[in-house]
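See structure below.
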Amino acid sequence: MSPQTELPGKLTAQSWPAPAKLNLFLHVLGRRPDGYHELQTLFQLLDWGDELQITVNGSGEITRSCSSDVLSSTIPESEDICIRAAKLLQAYCDVSDGAHIDLIKNIPVAAGLGGGSSDAATVLIALNRLWCCGLSQQQLARIGMDLGADVPVFVHGHSAWAHGRGERLLPVTLGPRFYVLVFPPFGISTAEVFQYPGLKRDSAPLEMEKAGLQPGRNDCQAVAVELFPELADIMQDLQAWGQPHMSGTGSTIFLSFDSERPAINTASKLKCRYNVRAVGGVDRSPLLDRLSA
Ligand code: C5P
């Protein structure tokens, strides 16, 4: 569908991207008094993700539809992060209009790629524009933090070095990078990994200048492997193609490449064994480009 599509009744659906992310490394520094964990991570935004078709209407209601049967049958509307994001903004800005959100779900659920958080960020950014709320990026990121720790990076829309729960962000330039994403046939609950008694929670804080901007250790990986031992087999198998890393709390495993061709070749060789996708890294989110288009 083109960015603007005429619908019956003169309502207009607009198309908005919701990119996926990778955590190139993920260190857990400790537990916080609020129950969350203090993290350090390097967020790499990707040129691939979900797509949201958003139609504003005068009903005051927020409704959704979704291309993924799994999502619409397992998550009731009231718990859907897109609906929650829209309702938070609607209440915060005292908006009387409503919206319909049609989610074209490409990012697997519970895959460590930030799909739900990115969808929520896109709803906040798009409805801020469409409802003429006039909130700043900072205000939207603060609202987003209540929806999920990964929402702020998608609102700010830059690959970033992050501290805290994931909201203290320093934009970085990673340049052209390419990845093969390997999707295991299961998702992993973020909450379960962070609650796991054996999670390593004592990584020393790093300084960005010393650490560099390369993929590195993920402290959640050992727990993910304990919960799903088949992850260890996949990582072992992928060693033949490069150094595999896990994103977020899993389950996605990725391989990194400096140029596109080897990434595409590797994905095409792996596709008979795994569900894979070759993607590009981006320093600037396609959502920001959509806003300025
Ligand atoms: O914020 P989000 O919904 O992504 O987090 C899911 C769960 O992961 C939280 O309820 C929390 O238990 C855990 N978490 C954490 N520390 C973080 C991020 C998430 O403990 N920095």
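The values are calculated or read from the model by the stated rules, or taken from the named source; none is laboratory data. Since the model is a prediction, treat every value here as computed from it, not as a measurement. Don't worry about glycine lacking a Cβ; one is built from the backbone with ideal geometry, like all the others, and counts go over all protein chains shown. The area values use the complete protein model at the heavy-atom level, side chains included, leaving out ligands, DNA and RNA. Shrake-Rupley method; radii C 1.70, N 1.55, O 1.52, S 1.80 Å.
Summary table below
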{"read-out": "Most fluctuating residue given options GLU167, GLU207, GLU226, as computed from a GNM of the chain linking Cα atoms under 10 Å", "value": "GLU207"}
{"read-out": "Dipole magnitude of segment 156-293 about its Cα centre (Cβ charges: Lys, Arg +1; Asp, Glu -1), debye to nearest 20", "value": "300 debye"}
{"read-out": "Accessible-area value, TRP131, 1.4 Å probe, nucleic acids and ligands omitted, Å²", "value": "20 Å²"}
{"read-out": "Calculated FRET value between GLU207 and ASN57, using beta carbons and R₀ = 51 Å, to 0.05", "value": "0.55"}
{"read-out": "From the C-alpha gyration tensor of the chain, square roots of 5λ in Å", "value": "31, 21, 18"}
{"read-out": "Solvent-accessible surface (1.4 angstrom probe) belonging to PHE194, in square angstrom, nearest 10", "value": "40 Å²"}
{"read-out": "Between segment 170-212 and segment 82-131, the Cα center-to-center distance that results, in Å", "value": "24 Å"}
{"read-out": "Residue among SER256, PRO184, CYS272 farthest towards the positive dipole end of the chain, charges placed on Cβ", "value": "SER256"}
{"read-out": "Where no second cysteine Cβ lies under 4.7 Å, the cysteines concerned in the chain", "value": "CYS66, CYS82, CYS132, CYS220, CYS272"}
{"read-out": "Surface accessible to a 1.4 Å probe, per residue, for the residues of segment 112-212, Å²", "value": "41 Å²"}
{"read-out": "ASP47/SER72 FRET efficiency (R0 22 Å; Cβ-Cβ; nearest 0.05)", "value": "0.25"}
{"read-out": "Segment 224-293 - charge dipole about Cα centre, Lys and Arg +1 at Cβ, Asp and Glu -1, debye rounded to 20", "value": "320 debye"}
{"read-out": "Unit charges on C-beta of K, R, D, E only; dipole of the chain, Debye", "value": "460 debye"}
{"read-out": "Candidates ILE234, ILE104, ILE253, ranked by Gaussian network fluctuation over the chain, Cα under 10 Å, top entry", "value": "ILE234"}
{"read-out": "All lysines inside 24 Å of LYS87 as judged from Cα atoms, apart from same-chain residues fewer than 8 positions distant", "value": "LYS10, LYS105"}
